[in-house]
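Here's the structure, in structure tokens; my notes come after.
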Amino acid sequence: MKIKLFCNAGMSTSMLVTKMQDAAKKRGLDVEIKAYPEGELANEITDCSIALLGPQIGFQLEKFKKICEPNHVPVGVIPMMDYGMMNGEGALEFALNLKK
């Protein structure tokens, strides 16, 4: 499973990626989690299982749904609390719930 996080430049989500990777490892999940700038979403969606948006670009959710849905990729905005607290477990759980 590949979870990709997108934000303005892909920098702020990089810290959250590390926390999510740690949470996935503790759960024994085989997932690849990476961060990208929002401009990469259209190129990165083809081999993506779940797309997450940073809260700072959450207002663009409908725009990104138009790219993700035809590719059968669930997309959602990382909850502000999980993002702000760098809660990798919470963000991972949010991502997995999108896939259900």
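Descriptive notes on the structure:
- Of all residues in segment 37-77, those being modelled with pLDDT of 95 or more and of a type in the set (Ser, Thr, Tyr) number 1.
- Contact map, segment 1-25: first residue hydroxyl-bearing (Ser, Thr, Tyr), second residue in a helix (DSSP H, G or I) and surrounded by 14 or more Cβ atoms within 10 Å (Cβ to Cβ), Cβ cut-off under 9 Å, separation 6 or more or different chains; pairs are Ser12/Gln56; Ser12/Tyr83; Thr13/Tyr83; Thr18/Gly88.
- Of all the residues in segment 47-91, those that are among the aromatic types (Phe, Trp, Tyr) and either surrounded by fewer than 18 Cβ atoms within 10 Å (Cβ to Cβ) or within 20 Å of Met1 (Cβ to Cβ) (or both) number 2.
- Condition check for Met20: crowded, with 16+ Cβ neighbours inside 10 Å, in a helix (DSSP H, G or I) and in contact with a helix residue (DSSP H, G or I) (Cβ under 8 Å, 6 or more places away or on another chain): yes
- Residue among Glu69, Glu89, Glu40 that is acidic (Asp, Glu), farther than 18 Å from Lys99 by Cα and either in contact (Cβ under 8 Å) with a residue 24 or more places away in the chain or in a helix (DSSP H, G or I) (or both): Glu40
The values are calculated or read from the model by the stated rules, or taken from the named source; none is laboratory data. Computed from a predicted model, the values in this text were never measured in an experiment. Positions of Cβ are generated from backbone atoms using ideal geometry, with glycine treated the same way; all protein chains shown enter the neighbour counts.
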